[in-house]
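Engineer: One structure, as structure tokens, below. Some questions next.
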Protein chains: 2
Amino acid sequence: MDHATDRHELEVLSLEECLTLLGSRPLGRLAYVDRGAPVIVPVNHVVDGRTVVFRALQGAKTEALLLGRPVAFQVDDHDPARSVGWSVLVQGTAEPVDDAETRRLVAELDSWAAPTAMRSMVVRLRPDEVHGRRLRRPAS
Amino acid sequence: MDHATDRHELEVLSLEECLTLLGSRPLGRLAYVDRGAPVIVPVNHVVDGRTVVFRALQGAKTEALLLGRPVAFQVDDHDPARSVGWSVLVQGTAEPVDDAETRRLVAELDSWAAPTAMRSMVVRLRPDEVHGRRLRRPAS
């Protein structure tokens, strides 16, 4: 199947491909804006339907910088030896999650930013946009 | 040697450790702010002294979103099986580079976002802040 390419000559991935790739890695990077400047932190995540769910440390800072605010989440993979790779970017708004089922979903998450022992909250990123690009096609 | 830990109980890395780790991976993630929302893109980079240098596609968008603007650059590594990992975040301002020596430095870069064939510019991220954290200590 032919894929469209963008102006960087990267293959444009479909939403389904993006969601599959997002869910294929345990660790992604969350970006938010703090006083006009971007911040990037690694977070462990799960894909739940078309949303991305992760844990964040509970507190005023999380609430001020994440909830109801535009955030981005990105996952990539790159093999320089084979010159192949992909990157998926999700942009949307973060919202708190309080249903028991989702909390169970992330309870097992290995967590980078918010160890289970600490007071954490579950956050859902509801995408406005999902973009995925693949760098060249594997030969196989 | 004992290291300080932060409130997430992650080990706090020194500037020297951060620069060494930054240079140990070919691919990092650049974040910038576009109309109030963060965007994350993978970029290949080199560490030059205390700065991070990478290529970006030449054009009005790059100039408007990167140059003279607050940006962030992040590199991490994570081994969930061993529960070890690290993440380094550089925050600062991006500036164009026009000296021949630095252009040569990045000319060999495998480039994700801006293939060599395209008109690209070299950008230097001059850090205001560099933060590094290590998740637990390897047993060895």
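The values are calculated or read from the model by the stated rules, or taken from the named source; none is laboratory data. This one's a predicted model, so the numbers in the text were calculated from it and none came from an experiment. With ideal geometry, Cβ positions are generated from the backbone for all residues, glycine too; neighbour counts draw on all protein chains shown. We work out accessible area using only protein heavy atoms, side chains counted, and drop any ligands, DNA or RNA first. Shrake-Rupley method; radii C 1.70, N 1.55, O 1.52, S 1.80 Å.
Engineer: Can you list the distances in nanometres, one decimal and ascending, from the A:Glu95 label point to the identical position in each other copy, with the point 7 Å along Cα to Cβ?
Structural biologist: Between copies, matching label points for A:Glu95 lie 4.4 nm apart.
Engineer: May I ask you to derive the FRET efficiency for A:Ser24 and A:Lys61 from their Cβ-Cβ distance with R0 = 35 Å, giving the value to the nearest 0.05?
Structural biologist: Once rounded, the FRET efficiency stands at 0.70.
Engineer: For an R0 of 25 angstrom, estimate the FRET efficiency from the Cβ-Cβ distance between A:Ala4 and A:Thr102 and round to the nearest 0.05.
Structural biologist: Efficiency, from the Cβ-Cβ distance: 0.15.
Engineer: Moving on. How far is B:Lys61 from the same spot in each other copy, in nm, shortest first, if each label point sits 7 Å from Cα toward Cβ?
Structural biologist: Distances between equivalent label points, in nm: 3.3.
Engineer: How much mean residue ellipticity at 222 nm does chain A get from its helices, if each DSSP H run of length 4 or more adds -39500 (n - 2.57) and you divide by all residues, to the nearest 500 deg cm²/dmol?
Structural biologist: The helix contribution divided over chain A gives -4500 deg cm²/dmol.
Engineer: Now, a different point. Go through region A:19-54 and flag every residue whose accessible area shrinks by 50 Å² or more with all protein chains in place compared to the isolated chain (probe 1.4 Å).
Structural biologist: Going by heavy-atom accessible area, the residues of region A:19-54 that drop by at least 50 Å² are A:Arg29, A:Pro38, A:Ile40.
Engineer: Whole-Å semi-axes of region B:12-130's equivalent ellipsoid, largest first, each the root of 5 times a Cα gyration tensor eigenvalue?
Structural biologist: 23, 16, 14
Engineer: Here's a follow-up. Please go through region A:1-47 and write out the GluC sites (Glu not before Pro) that DSSP classes as loop and that have at most 13 other C-beta atoms within 10 Å.
Structural biologist: A:Glu9
Engineer: Just checking the output field for B:69-82: average partner chain Cβ neighbours within 10 Å of each residue's Cβ?
Structural biologist: Across the residues of B:69-82, the mean count of other-chain Cβ atoms within 10 Å is 4.
Engineer: Above 31 Å lies some portion of the pair distances; for the protein assembly as shown, what is it as a whole percent of all C-alpha pairs?
Structural biologist: 24 percent
Engineer: Taking a point 7 Å out from Cα toward Cβ as the label site, list the nm distances between B:Glu108 and the same residue in every other copy, smallest first.
Structural biologist: Counterpart label points of B:Glu108 in the remaining copies fall at 4.6 nm.
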